[in-house]
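Here is the structure we will look at.
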Amino acid sequence: KKISTYMQKLYIVTRNDLPISYQAVQSTHAAVDYVFKYQKSLKKWHKSSNVIILLAVKNKTTLIKFIKKIRKLNVKYVAFKEPDLKNQITAVALEPSEKTQKLCKNLHTALKPPNKGGLKAKEMNELDERFRRFKQKNSP
């Protein structure tokens with residue numbers, strides 16, 4: 001009999017073409033949205049492991065393909081769309097399950113510098129400007 005090495009983990013997948021700070025924030029949005037949507041089903045995960053795995057795919061196209069695989073396997077998930085990026089999908093949170101673990105096994109860890117060919121300079125400048133205005137507005 002094969003011994004299972006499965007441990008419940010909440011998987012969050014973001015895009016590596018985003019700046020590191022955006023990868024973190026977008027992943028957090030997806031995780032929080034998942035918790036609100038599937039609060040009752042997360043109790044077992046929270047009690048047994050409370051482990052979160054943060055991974056990344058190459059870009060928006062790759063994330064959309066990944067979501068299609070999630071749907072095909074009937075895995076519960078929540079995708080987060082960033083309003084400041086014209087509602088692009090930036091991260092997805094997946095249910096803690098063996099199916100999810102297998103689905104994510106070949107993905108790389110997140111929070112690495114953006115890929116070459118990531119966001120265009122103009123888009124990055126727009127994001128940086130929005131962030132600067134946000135900081136000014138919310139500073140004491």
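Pairing residues of the stretch 32-50 that are within 18 Å of V75 (Cβ to Cβ) with residues that are of a type in the set (K, R) and surrounded by 12 or more Cβ atoms within 10 Å (Cβ to Cβ), at Cβ distances under 8 Å and at least 6 apart in sequence or on separate chains, gives Y38/K76; S41/K76; W45/K9; S49/K9.
Residues that are among the hydroxyl-bearing types (S, T, Y), touching a residue at least 60 places away in the same chain (Cβ under 8 Å) and closer than 30 Å to R130 by Cβ occur at least once in the stretch 90-112.
Every read-out reported here was derived from the displayed coordinates using simple, explicitly stated rules and does not represent laboratory data. For clarity, every value in this text was computed on a predicted model and none was experimentally measured. Note: ideal-geometry Cβ built from the backbone for every residue, glycine included; neighbour counts use all protein chains shown.
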